[in-house]
Structure formats: structure tokens, C-alpha cells
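Structure record follows, encoded as C-alpha cells.
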Amino acid sequence: MAAVKGAILAADNEASFQDQAEIWKYMLNFGDSMALKCAVELKLPDILHSHDGPMTLSQIAAAIPNAPSPQPSHLFRVLRLLVRRKIFTAEEGDDGETFYGPTNLSKWLLHEPTPTADNDASIMTLAPMLIMENNPWFLDPWHKLSEFIREGGMAPFEKEHGYMFDFAGKNPLFNKLLNNAMACTARITIRTILSRCGDALFSGVGSVVDVGGGTGNFVSEIVKSYPHIKGINFDRSHVISTAPTYPGVTHVGGDMFQEVPSADAVVTKWVLHDWGDELCVKLLKNCRKAIPEKGGKLIIVDIVVEADGKGLFDDTGVVFDVLMLAHNTGGKERTEKEWKSLLDQAGFPRYTITKIPALQSIIEAYPN
Ligand code: SAH
């Protein structure tokens, strides 16, 4: 391969220093992920949010659970990065000691309380998702991306562990990690959907089935807001067997590629992106069979890729697509054109897309 001309000469100018700095930043982006993971594992957000006022380094270190010999000097270095990232605050007191505090960002990293009779553990947090994405099960496949591009075959995750949702059926720890991560993000998304366009989506609907609904909190939130709706949560039996009971929601175990339970509306969130086009069309056809020909609708909640989009979540959407490449054979995030093509093939000639302040958008599709 020919040497890149001018590479050395161009190095000594301001723009080139900026380019270099940018590459350093991207190169070490994983340091941010790992520092966040470390903070969540040490429960630093919980410690700072539950304390009355800012805390010193030694107070935080002493409050870390299960720490036989906490190391304030190590902790300091992780905190310094996270203060720089605006996850926490740091202010110097009169005697020169630093006091740390929480922020609105660290609220998103709180642990969920253990559910009790009068608390449904329903805080909005991304902590379980962060823990899942940065778990070696999920991170290791990223190291095999270039191999996958060179050789094809199965997605790196599947090559290593088998198909993700089968692996979940065999490995209870992985199943829990996955289901908790899905549940925390589902809760955030459904609350945004309900506040932004709940009435438009659900007020005239008598029954809703959530296909690949995980442990069911997405449809349970719909039923909570619209108690006239009969909710069905449909997923594979190893997921359903761990699902909590929700008023107004029936859990059904099964295989969505065989059949989908009938309802006025089918909702499916973050499911189609797991599959290649052929299986998506098969699933969408089953969804079409499950809804009435007249008045039925399909509600897809998934990313609509805007590669150059300036929206709040557009950048993450493109990263997510590469994540799908590493994790699910055939899985991908789709552009509007790609969604339209799938819907056309499955017999949904009409659709609308509604953008909401979330990673995913809402695609409503109609059988005629
Ligand atoms: N909708 C949930 C979960 C998304 S993860 C949420 O957004 O939080 C994808 C889900 O699809 C998993 O819960 C997985 O168990 C389910 N799934 C995978 N294959 C399935 C199948 N053949 N039939 C039914 N559900 C399936």
C-alpha cells in the first residue's frame, strides 16, 4: 500500500494537533465507560445522592459497600475524571479539602431499589443498561469486529456464545443481566412515549400485545395509564418465567416467529433491530395476522437511523448499529427507507414516524 502523502509534513500545524487530540479522545473513550461502570459498581451515585450535602473523599470511601480496605487515593483519580465529565461536582472547602456532590447526570446512574409491596422499583435509571453493555460478555465481541468484516459468518457474540436469546435461556446470570437492562430502558422509553403521545397511540385501543416484551414493564406502564386496555406481554418462556405480576397484564410465553397473540394493537420495542430482514418480514407478517384488518395497528419502537442527524440521540443511534453488528447476526439499526421496505413486504402499506426525545422513534403502521 502506498504511503499516505504529506502525512508527516501536515503534522506541524494547529489543525493537525486538533486532529491528533481528537484521535486520542476516541481512542480512550472506553476509559469513560469503565469509570462510569466503576462508579455504578461502587454505588457512588447512590452514596452522593442519599447523603445530606457534599462529601469528602474519605467519607465517600468509607460509605462504599463491601469494601474491606477502601483506597481513597485510587478513588480520587476516578472521581477526578467523572467530575471532568460533569457526572459529579467537586468544590474546595475553606480548609482546602475537596467536597464532592451529585448532579442531574448521576441521577441516571442510581441503583434500583429492591421492589416491595408499596414500591415498584420504578425509578428512571440507566445503571442496569450500563452494567450490561460493559460486561465482558457484551464487550468481548467488539474485539472481533474486524474479523467479522473480513470473514463474515455469525456475529461475534453468536460465534462465542450462541444466539443471544438462547444463551439467556441457558444462563440465568446472563438472563438477569439482559432482562434488567431491557426493563430499565423500556421504562424510560414508555414514560417518554406516554407523556408525548400516549393519547394519540392508545386512547381508542382495547387491547395491546407487546411482542418480545421482556419482563413486561413496558405494557404494564401502558395499562397503568390506560386502565381500560387489556395488556398482554409476550416473550420466550425463560423470560416470562422471571417476570413480575402486573395488574391488567397477562404474560404469555411463546415464539413470535410461530405466532403472535391477537390484540387491537401490537407493540414491539427494540426487537426488530435484533434480526435480519427476512426474519423481520416473517415476524411483521405474524404481527399483521394478530391485529384486526380494520382499525388494527402496529407500533414499532426502534431506532430510525439518521446518519448525519443533529438530534439528541442520533449519534448514539449510529453507534448502536455497530453494536448490533457485534452482537446479533443480521441485526441492525435501520433508516426510514429500510423500515419502509420491511413494512411494504409484510403488508403494511401505510406508516407514520413520530420522533420523541428518546433513542428510539415510534413507527405506526397500518394493514391498509
Ligand atoms: N421489548 C423489550 C425487550 C427487548 S430485547 C425492551 O425493549 O425492553 C428482545 C426481546 O425479544 C427479549 O426479551 C427476547 O427474549 C425476545 N425474543 C427473542 N426471540 C423471541 C421469540 N422467538 N419469541 C418471543 N420473544 C423473543
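Throughout, read-outs are computed from the coordinates displayed, never taken from laboratory work. Keep in mind that this is a model prediction, so the values were computed, not measured. Here Cβ is always computed from backbone atoms with ideal geometry, including for glycine, and neighbour counts include all displayed protein chains.
For the reader, a short list of remarks on this structure follows.
- When the helices of the chain are scored as -39500 (n - 2.57) per DSSP H run of n ≥ 4 and the total is divided over every residue, the value at 222 nm lands at -13500 deg cm²/dmol.
- Cα-based shape type of the stretch 82-240, given that a ≥ b ≥ c are square roots of the gyration tensor eigenvalues and the cut on a/c is 1.5: oblate
- Annotation: extensible slack from Ala200 through Arg85 equals 37.6 nm (criterion: 0.36 nm per residue apart, minus Cα-Cα distance).
- Counting neighbouring Cβ atoms within 10 Å and putting the fewest first, the residues Asp95, Asp235, Asp12, Asp344 line up as Asp95, Asp12, Asp344, Asp235.
- Estimated at 0.36 nm per residue, the fully extended path between Arg191 and Lys25 surpasses their Cα-Cα distance by 56.4 nm.
- Short-range pairs are left out: with C-alpha atoms under 8 Å and at least six residues apart, the relative contact order of the chain is 11 percent.
- Counting only alpha carbon atoms, the long axis of helix 277-290 and the longest principal axis of the chain meet at about 50°.
- Size descriptors for the stretch 2-109: radius of gyration and Dmax over Cα atoms are 18.7, 62 Å.
- Gap separating the Cα centres of the stretch 216-245 and the stretch 281-297, nearest whole Å: 19 Å
- Pairwise label distance in nanometres, Asp95 with Ser50, each label 7 Å out on the Cα-Cβ vector: 2.6 nm
- Three-way shape call for the stretch 246-368 based on the alpha-carbon gyration tensor, with the a/c threshold at 1.5: prolate
- Over all other residues within a Cβ to Cβ distance under 13 Å of Phe165, the charged ones net out to -3, with Lys and Arg as +1 and Asp and Glu as -1.
- Local net charge near Tyr351, Cβ-Cβ under 13 Å (Lys/Arg +1, Asp/Glu -1): +1
- Across the stretch 46-55, coupling constants 3J(HN,Hα) worked out from phi with the 6.51/-1.76/1.60 Karplus curve, θ = phi - 60°, read 5, 4, 6, 6, 8, 8, 7, x, x, 10 Hz, and Gly and Pro carry x.
- Put simply, the amide H of Thr250, placed in the peptide plane, has neighbours under 5 Å in Gly231, Ile232, Asn233, leaving out anything fewer than 5 places away on its chain.
- If you sort the three axes of the alpha carbon gyration tensor as a ≥ b ≥ c, you get a/c of 1.5 or more for the chain and a/b no higher than b/c, which makes it oblate.
- For the cross-link pairs Lys37/Lys176; Lys25/Lys107; Lys107/Lys355; Lys332/Lys355; Lys144/Lys285, the ones whose C-alpha atoms lie over 28 Å apart are Lys144/Lys285.
- Folded to 0 to 90 degrees: helix 314-327 orientation relative to the chain principal axis, Cα: 80 degrees
- Ranking of Val319, Val271 by neighbouring Cβ atoms within 10 Å, starting from the fewest: Val319, Val271.
- Long-range HN-HN contacts of Thr56 with modeled amide H, under 5 Å: Tyr100
- Rounded tilt (10° steps) of 29-41 against the dominant C-alpha axis of the chain: 80 degrees
- Sorted fewest first by neighbouring Cβ atoms within 10 angstrom, Glu336, Glu14, Glu278, Glu221 come out as Glu14, Glu278, Glu336, Glu221.
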